[in-house]
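For reference, the structure discussed in these notes is given below.
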Amino acid sequence: MSKLFYTGVGADVAFQEKRAWIMGVVAIAGYAVYLAVVLGRAQDGVPLAEVSYVAPLLWAVGGAIAASIALHILVAIASPGDADTKDQRDKEIARLGEYSGQSFLVIGAVAALALSMAEADQFWISNVIYLGFVLSAVLGSVVKLAAYRWGFQSW
């Protein structure tokens, strides 16, 4: 029998919801910085596919990981009693968000495979993979936040 889970007011819900916000915001911010750097380099008269993108990509990914870890630690320090609290609803929301986000990982992988078979430049293959990761994180976060805010149907 399925049960409709509704978000109640509780510290553990707030903590897990903050984690979802962190993931979504950091993914968007990291990608925005990466795009600004790469597109800025392309404005210097260099074709987009020839722009030096590897270092900015690695810095963006590494920076996003570091920022996410730091923000998670700060949130855990701010509410230490809630950091280890996770109920069944939190676990199901996390699973729903991860499963939803995986769709963009698959789309990104298929697009990268197609670009590879078409012998596209490495720039485009790398960027479609990175975009897939970013969209996966954003969609997963949006699904989690929606579930926390409006509830969700457990199957």
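Tabulated data
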| read-out | value |
| --- | --- |
| All aspartates and glutamates inside 13 Å of LYS86 as judged from Cα atoms, apart from same-chain residues fewer than 8 positions distant | ASP12, GLU17 |
| With DNA, RNA and ligands ignored, accessible area of ASP87 (1.4 Å probe; Å², nearest 10) | 50 Å² |
| Amide H within-cut-off set for PHE152, under 5 Å, with H built and near neighbours excluded | PHE5 |
| Quotient of C-alpha Rg and 2.2 N^0.38 Å, computed over region 21-145 | 1.23 |
| For region 95-155, fraction of C-alpha pairs farther apart than 20 Å, in % | 36 percent |
| Accessible area (Å², per residue) of the chain, counting only protein heavy atoms and a probe of 1.4 Å | 61 Å² |
| DSSP-assigned coil residues among trypsin sites (Lys or Arg not before Pro) in region 57-152, each with at most 16 further Cβ atoms within 10 Å | LYS86 |
| Set of aspartates and glutamates near LYS18 by C-alpha distance (under 19 Å), chain-local residues within fewer than 8 positions excluded | ASP82, ASP84, ASP87, ASP90, GLU92, GLU98 |
| Computed [θ] at 222 nm, deg cm²/dmol, the chain (DSSP H ≥ 4; -39,500 (n - 2.57); rounded to nearest 500) | -27000 deg cm²/dmol |
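The values are calculated or read from the model by the stated rules, or taken from the named source; none is laboratory data. Fair warning: this is a prediction, and the values are worked out from it, not measured in the lab. Virtual Cβ from ideal backbone geometry, glycine too; neighbours counted across all protein chains shown. Surface accessibility is based on the protein's heavy atoms, side chains included, excluding ligands, DNA and RNA. Shrake-Rupley method; radii C 1.70, N 1.55, O 1.52, S 1.80 Å.
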